[in-house]
Amino acid sequence: MEKRELKDLSKEELKRKEKSLKSIIILCIPVIIGLFYFVLRDYFDGKEIDFAMLTIAICTIGGPATVYPELKKVQEELKNKK
């Protein structure tokens, strides 16, 4: 299935897309905070750093980082539709 252009979407579809993108970002933030909390807690307690957990924490930042530009495009298109 081909991805539809934002210009072709209705106002309601754009609002739904904006809401889903915001939800993804909001769900990722506590996960990122939690992962970094456990990595830093172990580090400050003098334990050995769990590099697998650190790698997962760093990679989790990529989720919101890739969704945010799409969210900005959707918000800009919503402004243009008004």
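Compared with the alpha-carbon gap, the fully stretched path from LEU27 to ASN80 is longer by 16.3 nm at 0.36 nm per residue.
Among LEU54, LEU21, LEU71, the largest mean-square fluctuation in a Gaussian network model of the chain, built with springs joining Cα atoms closer than 10 Å, belongs to LEU54.
Bridging of LYS81 to lysines at a Cα separation below 27 Å is possible for LYS3, LYS7, LYS11, LYS15, LYS17, LYS19, LYS22, LYS72, LYS73, once same-chain residues fewer than 8 apart are set aside. For the chain, with all protein chains in place and a probe radius of 1.4 Å, 62% of the accessible heavy-atom surface sits on carbon or sulfur.
Normalised per residue, the accessible area of the chain is 78 Å², obtained with a 1.4 Å probe and no contribution from ligands, DNA or RNA.
When the Gaussian network model of the chain links Cα atoms closer than 10 Å, the mean-square fluctuations of GLY34, GLY62, GLY46 top out at GLY46. Apply 1/(1 + (r/R0)^6) to the Cβ-Cβ distance of ASP50 and LYS72, taking R0 = 35 Å, and write down the FRET efficiency to the nearest 0.05. The computed FRET efficiency comes out at 0.55. Calculated from the alpha-carbon coordinates, the chain shows an Rg and a Dmax of 17.8, 56 Å respectively. For segment 19-64, trypsin sites (Lys or Arg not before Pro) meeting the loop criterion (DSSP other than H, G, I, E, B) and having at most 12 other Cβ atoms within 10 Å: LYS47. Only helices enter the 222 nm calculation for the chain: every DSSP H run of n ≥ 4 contributes -39,500 (n - 2.57), and dividing by all residues gives -27000 deg cm²/dmol, rounded to 500.
The values are calculated or read from the model by the stated rules, or taken from the named source; none is laboratory data. Because the structure is a prediction, the values reported are computed rather than measured. All Cβ positions, even for glycine, are placed from backbone atoms using ideal geometry, and neighbour counts span all protein chains on display. Please note that ligands, DNA and RNA were not included when accessible areas were found on the heavy atoms of the full protein model with its side chains. Shrake-Rupley method; radii C 1.70, N 1.55, O 1.52, S 1.80 Å.
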